[in-house]
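I have placed the structure first, in the form of structure tokens, so that the comments after it can refer back to it.
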Amino acid sequence: MEKTWRWFGLKDKITLSMLGQIGVEGIVTALHDIPNGAVWPLERINDLKDHIKDAGLRWSVVESLPVSEAIKYGGSRSDQLIANYIESLANLGEAGINTVCYNFMPVIDWIRTDLEYPWADGTSSLFFDKIRFAYFDCFILEREGAEEDYTPEEMVKVYELSKTITQKEKDALIDTIIVKTQGFINGNIKEGDKNPVAIFKNLLSLYKDIDRDALRENLKYFLSQLIPVCEEYNIKMCIHPDDPPFQMLGLPRIVTSMEDIEWIFNAVDNPYNGLTFCAGSLSAGIHNNVPELAEKFASRTHFVHLRSTEVMANGDFIEAPHLEGRGHLIELVRIFEKENPSLPMRVDHGRLMLDDRDKAYNPGYSFYGRMYALAQIDGVMATVQDEIKRNMNDKR
Ligand code: DNO
């Protein structure tokens with residue numbers, strides 16, 4: 001697979017010349033400063049593409065071309081926003097950038113409760129604590145009916161927590177769930193926004209009449225408008241699974257399982273309607289067998305995120321070291337190397353380690369942590385490629 005790296009543009013403290021030194025071949029990025037919903041001008045795309053090329057790399061994948069909320073909930077501006085999206089795609093196609101990752105998660109992209117969960121070895125990783133999340137849902141958002149989403153045993157723990165949690169911890173929880181993890185993704189909420197909880201509640205209310213079926217229909221409509229343009233410009237669209245892959249906050253989530261992904265592929269049955277195989281997101285759902293999904297969807301996978309998680313019996317999950325956990329990345333490398341050796345792959349999220357701390361990297365996007373994971377995966381890829389070569393020689 002092609003070794004790519006998510007780079008956040010000219011403002012990223014991790015420079016392209018650093019990436020050149022650690023074996024990165026392709027760049028995954030976006031025009032992060034263009035507001036969600038506006039057209040990406042061809043000139044701007046070409047400028048960034050040339051900048052990357054000058055560093056001896058290529059712009060392999062767009063992550064993400066964000067889908068505006070009104071497209072997802074089917075608001076009155078939806079058609080105009082889809083027209084803008086199509087124009088951006090055509091411009092990307094014109095510039096020769098052919099893989100576009102996006103997601104269709106309402107309101108909130110990915111969800112974690114802790115950005116620096118400590119490991120015994122001194123490193124730290126991202127973590128999801130179900131009880132803290134339930135506390136946020138029931139006591140901070142005060143979402144109507146929230147308690148019904150948790151078991152009575154869980155609610156007992158939530159009430160216990162409510163007696164001891166400090167204001168500082170509450171603020172940190174809000175900051176982590178709806179600001180820090182979202183702000184850098186062209187999302188709905190930015191660092192510095194006043195009263196993020198109110199903004200967030202307002203966004204949730206946009207979906208009060210949208211269930212899974214309605215969201216699916218809006219995705220189908222969006223894709224059916226896009227795909228002819230993708231065929232014309234050879235642009236592979238790849239939807240990112242929901243992270244984590246289950247229903248939360250009363251919002252519909254439609255990219256969580258084998259059945260969901262099959263539904264999407266059948267809704268617009270065209271190879272340009274493909275998947276970002278994010279092993280990390282998929283592995284956080286105990287209903288998912290990640291290698292089985294990879295076997296099944298390899299031919300419609302256009303981009304791979306290699307990351308793994310471990311899910312606890314109480315519903316918490318942690319981002320596991322890349323060679324451990326439910327992601328089974330070694331097996332995935334076998335599957336994808338066989339299917340398409342030129343598929344772009346990026347290691348996703350890394351631990352905070354060594355000199356990473358206090359660098360204010362976007363959560364999950366450390367330098368040494370990701371570099372370490374990339375080196376591990378690089379070794380696995382070399383081994384698997386060698387296995388494939390040997391098998392071919394044996395067959396001759
Ligand atoms: C988080 C990422 C997501 C992902 C988007 C793709 O680290 O995996 O933000 O980039 O969901 O649209």
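The values are calculated or read from the model by the stated rules, or taken from the named source; none is laboratory data. Note that the structure is a prediction, hence the values are computed from the model and not measured. Positions of Cβ are generated from backbone atoms using ideal geometry, with glycine treated the same way; all protein chains shown enter the neighbour counts. These area figures cover heavy atoms from the full protein model, side chains too; ligands, DNA and RNA do not enter into them. Shrake-Rupley method; radii C 1.70, N 1.55, O 1.52, S 1.80 Å.
Relative to the Cα centre, the charge distribution of the chain, modelled as +1 at Lys and Arg Cβ and -1 at Asp and Glu Cβ, gives a dipole magnitude of about 660 debye. Comparing 391, 187, 352 along the charge dipole axis of the chain, the residue lying farthest to the positive side is 391, per the Cβ-charge model. After finding the eigenvalues of the alpha carbon gyration tensor for segment 89-208, what semi-axes result from the square roots of 5 times each, listed largest first in whole Å? Working from the Cα gyration tensor, I get semi-axes of 31, 19, 14 Å.
Under the convention that each Lys and Arg Cβ holds +1 and each Asp and Glu Cβ holds -1, the size of the dipole of segment 209-295 around its Cα centre is about 180 debye. For the chain, a Gaussian network of Cα nodes joined below 10 Å ranks 25, 160, 292 by mean-square fluctuation, and the top entry is 160. Its alpha carbons considered, segment 302-342 gives a radius of gyration followed by a Dmax of 12.2, 39 Å.
Give me the percent of accessible area attributable to carbon and sulfur for the chain, probe 1.4 angstrom.
After summing per-atom areas, the C and S share lands at 49 percent.
By the Stokes-Einstein formula, at 1.002 mPa s and 20 °C, segment 294-396 with its Kirkwood radius over alpha-carbon pairs has D equal to 143 µm²/s.
Take 327-335, 382-390 and order them by the average number of nearby Cβ atoms within 10 Å per residue, most first; the result is 327-335, 382-390.
Note on the chain: Kirkwood hydrodynamic radius from all Cα pairs is 21.7 Å, rounded to one decimal. Qualifying trypsin sites (Lys or Arg not before Pro) in segment 182-246, where qualification requires a DSSP coil assignment and no more than 16 other C-beta atoms within 10 Å, comprise 190, 194, 208. Taking each DSSP H run with n ≥ 4 as -39500 (n - 2.57) and averaging over every residue of the chain yields -12500 deg cm²/dmol at 222 nm. Here segment 205-317 is described by how far its Cα atoms reach on the three principal axes: 47, 35, 17 Å, from widest to narrowest.
Projecting the Cα atoms of 315, 4, 238 onto the charge dipole of the chain, computed from C-beta unit charges around the Cα centre, puts 4 farthest toward the positive end. Answer rounded, prolate or oblate for segment 54-102, using the Cα gyration tensor with square roots of eigenvalues a ≥ b ≥ c: rounded when a/c is under 1.5, else prolate when a/b is larger than b/c, else oblate. It comes out prolate by the Cα gyration axes. Which of the pairs 53/190; 130/170; 3/395; 72/170; 72/220 have their Cα atoms more than 19 Å apart in this structure? The answer is 53/190; 3/395; 72/170. Sequence-distant contacts, meaning Cα pairs under 8 Å at least 6 residues apart, place the relative contact order of the chain at 17 percent. Shown are 377, 86, whose ranking by accessible area with a 1.4 Å probe and every protein chain present, most to least, is 86, 377. Sorting the segments 92-100, 278-286 by their residues' average number of neighbouring beta-carbon atoms within 10 angstrom, most packed first, yields 278-286, 92-100. Give, rounded to the nearest 20 debye, the magnitude of the charge dipole that segment 281-396 has about its Cα centre when Lys and Arg contribute +1 at Cβ and Asp and Glu contribute -1 at Cβ. So the dipole magnitude of segment 281-396 works out to roughly 380 debye. In a DSSP loop and with at most 16 other Cβ atoms within 10 Å, the trypsin sites (Lys or Arg not before Pro) in segment 80-150 are 143.
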